[in-house]
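Heads up: the structure comes next, in structure tokens.
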Amino acid sequence: MKFQKVPSLLKINSLPHFDMKQLIIILLFFPMTLWGQHFEAGLLVGGANYLGELSSNSSQIELKETNIAAGAFAKYNINHLIAVRLGFNYASISGADSNSGNTDIINRNLNFRSDIYEGSLIGEFNILGYQPYNYTSTFSPYLFGGISFFQFNPQGDLNGQLYDLQPLGTEGQNLEAFPERTPYKLNQFAIPFGIGFKYTLTETLNLGLEIGVRKLFTDYIDDVSLTYPGNDAFAGEGATLETIQLSNQGAANFGNNVAGLARGDNNPNDWYFITGITISFNFLDNGLIGGRKRSKGSKMGCPTF
């Protein structure tokens with residue numbers, strides 16, 4: 001009797017091969033990538049502050065110098081713990097020696113203001129886990145950090161008129177007597193980091209509070225860093241009267257004997273801060289996760305297939 005070979009309905013060799021380690025990684029990672037994955041866009045409105053020479057020689061943040069800050073951002077929530085966002089912020093910062101309680105600082109009599117335009121790439125870590133589609137994960141504090149690129153332009157007030165300070169070289173950057181003092185760049189990198197809190201108002205709306213710090217790599221955001229060049233050094237190279245006065249607005253107190261004396265403090269870099277309220281919109285369910293109505297009562301908000 002002759003037996004006919006029956007074709008196999010399933011060719012085992014045709015299936016992809018996974019070892020146990022790979023399978024475990026897939027099983028752990030796949031649900032996490034599905035849970036909470038969504039896009040978000042929003043706005044920030046708040047205030048900005050600065051810490052440097054013109055805030056009592058970097059000793060305190062002058063709350064009276066709090067100015068407006070505003071921004072917009074787009075965020076990709078990878079899962080309930082991690083998000084990545086692109087952002088753009090505008091901030092206004094300022095400082096003045098007149099705010100200090102120290103007589104020597106008051107007599108220096110310098111001031112500045114600057115607009116800041118900042119673009120950033122930031123990662124967020126939700127400490128408690130955050131999932132606007134799940135009733136059990138609608139609030140979380142978060143930590144954030146990343147990199148930013150910003151533009152600034154310090155201006156000084158002299159007799160009621162604002163002057164751009166960087167082109168003037170108020171610390172001798174344009175003088176042959178100080179060849180080592182090159183003009184500082186008005187475009188710089190910074191490291192933003194901080195803490196925030198977010199709460200889900202509805203499936204589509206989030207409300208938050210964010211406190212952010214910017215670690216800078218420049219000490220010239222306020223145009224003050226090193227020593228006085230001295231009035232005679234400016235006059236000897238034909239500098240304008242405005243440059244001489246903006247370099248040393250305390251001339252009435254110090255006379256011409258300030259050359260070589262400290263104009264700045266010992267801190268190597270300045271800082272600025274942005275604190276604000278955020279409101280953002282969650283784009284619709286991507287089809288891989290359940291909405292609140294479907295996931296209510298489920299702590300993990302399991303995917304719906």
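The values are calculated or read from the model by the stated rules, or taken from the named source; none is laboratory data. Fair warning: this is a prediction, and the values are worked out from it, not measured in the lab. Here the Cβ is made from the backbone with ideal geometry for all residues, glycine too, and neighbour counts use every protein chain on show.
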Residues of the stretch 171-188 being assigned to a loop (DSSP other than H, G, I, E, B), in contact with a strand residue (DSSP E or B) (Cβ under 9 Å, 6 or more places away or on another chain) and either within 23 Å of TYR117 (Cα to Cα) or among the charged types (D, E, K, R) (or both), in sequence order, are GLU171, LEU186
Of TYR142, TYR135, TYR117, the only residue that is under 26 Å from THR170 (Cα atoms) and either out of contact with any His (no Cβ under 9 Å at 6 or more places or on another chain) or crowded, with 22+ Cβ neighbours inside 10 Å (or both) is TYR117
Out of (1) under 18 Å from LEU209 (Cβ atoms); (2) surrounded by 22 or more Cβ atoms within 10 Å (Cβ to Cβ); (3) over 14 Å from the mean Cα position of the chain (by Cα), the one GLU40 does not meet is (2)
Checking THR227, THR218, THR170, THR202 in turn, the sole residue that is in contact with a helix residue (DSSP H, G or I) (Cβ under 6 Å, 6 or more places away or on another chain) and either touching a residue at least 24 places away in the same chain (Cβ under 8 Å) or within 30 Å of ASN134 (Cα to Cα) (or both) turns out to be THR170
Scanning the stretch 216-275 residue by residue, those outside any loop (DSSP other than H, G, I, E, B), of a type outside the set (Phe, Trp, Tyr) and farther than 19 Å from LEU158 by Cα turn out to be LEU216, THR227, ASP232, ALA233, GLY236, ALA262, ILE274, THR275
Among (1) over 13 Å from GLN131 (Cα atoms); (2) modelled with pLDDT of 90 or more; (3) surrounded by 13 or more Cβ atoms within 10 Å (Cβ to Cβ), ASN266 falls short only on (3)
>> Residues that are among the aromatic types (Phe, Trp, Tyr) and buried (at least 17 other Cβ atoms within 10 Å of the Cβ): does the stretch 155-164 have at least one?
In response: yes
Original post:
What do you reckon, is GLN188 under 30 Å from ARG108 (Cα atoms), touching a helix residue (DSSP H, G or I) at 6+ places or on another chain (Cβ under 9 Å) and without any contact (Cβ under 8 Å) to a residue 40 or more places away in the chain?
Top reply: no
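Residue-by-condition table, conditions (1) without any contact (Cβ under 8 Å) to a residue 24 or more places away in the chain; (2) in contact with a Gly (Cβ under 6 Å, 6 or more places away or on another chain):
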{"position": "LEU63", "(1), (2)": "yes, no"}
{"position": "LEU110", "(1), (2)": "no, no"}
{"position": "ILE122", "(1), (2)": "no, yes"}
{"position": "TYR133", "(1), (2)": "no, yes"}
{"position": "SER137", "(1), (2)": "no, yes"}
{"position": "SER148", "(1), (2)": "no, no"}
